[in-house]
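The values are calculated or read from the model by the stated rules, or taken from the named source; none is laboratory data. Just so it is clear, the model here is predicted, and its values are computed rather than measured. Neighbour counts run over all protein chains shown; Cβ positions are idealised from the backbone, glycine included.
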Amino acid sequence: MLQLSTFLLIKLLITLKKSVKRSLNFKTYLVLCAFTVVSNVAMSNVDLPRVKNCMSCHTVNRKLIGPAFKDVATKYANHPNQKEIEDQLVQKVMKGGSGAWGVVPMPANTQVNEKEARLLVKWILSLKKS
Ligand code: HEC
């Protein structure tokens with residue numbers, strides 16, 4: 001999954017490398033690289049739901065058209081079979097459906113593939129209220 005932000009950062013790094021080669025040593029460059037990679041990974045979990053349009057109906061903390069993602073995490077937190085819940089939610093994100101939270105249906109999200117849906121569901125389920 002090469003996101004736009006990742007792509008832009010790689011481009012930036014290449015430019016940076018060219019321009020700082022003379023003034024910075026290689027160690028500094030490596031530190032900069034590591035920092036960019038780490039911050040990009042940290043960012044991607046926030047980016048993907050926005051890029052994939054989930055946030056037009058959901059927020060993390062408040063019910064919008066769909067349930068708050070924290071509430072989704074809390075609802076399934078004590079389910080004995082987490083793998084089953086994950087699979088079920090991946091299918092639901094991709095195909096849509098209603099009845100778990102009310103009568104308003106979630107439309108199919110054809111813009112996500114299964115890998116992305118799984119990543120999103122894993123992230124959502126990790127948002128349990130602490
Ligand atoms: C057009 C509005 C809309 C969009 C866009 C949308 N959702 Fe939903 N979502 C809903 C609604 C409404 C529900 C409640 C469905 C129900 O009651 O079963 C829901 C429910 C869910 C649930 C809980 C399902 C369950 O069975 O408990 C998850 C997880 C979820 N959405 C994730 C996502 C993700 C990830 C995306 C982006 C790829 C997304 N949604 C995009 C409206 C939306």
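Rundown of residues vs (1) more than 7 Å from the ligand (Cβ to nearest atom); (2) touching a helix residue (DSSP H, G or I) at 6+ places or on another chain (Cβ under 7 Å), yes/no style:
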position: 61; (1), (2): yes, yes
position: 73; (1), (2): yes, yes
position: 94; (1), (2): yes, yes
position: 97; (1), (2): no, no
position: 108; (1), (2): yes, yes
position: 117; (1), (2): no, yes
Being of a type in the set (Ser, Thr, Tyr) and part of a helix (DSSP H, G or I) is the filter; apply it to the range 67-118 and report the residue that is surrounded by the most Cβ atoms within 10 Å (Cβ to Cβ).
-> 76
Looking at residue 51, is it free of Cβ contacts under 8 Å to residues at least 40 places away in the same chain, more than 14 Å from residue 128 (Cα to Cα) and within 15 Å of the chain's Cα centre (by Cα)?
-> no
What number goes with the only condition from (1) at pLDDT below 95; (2) within 11 Å of the ligand (Cβ to nearest atom) that residue 53 does not pass?
-> (1)
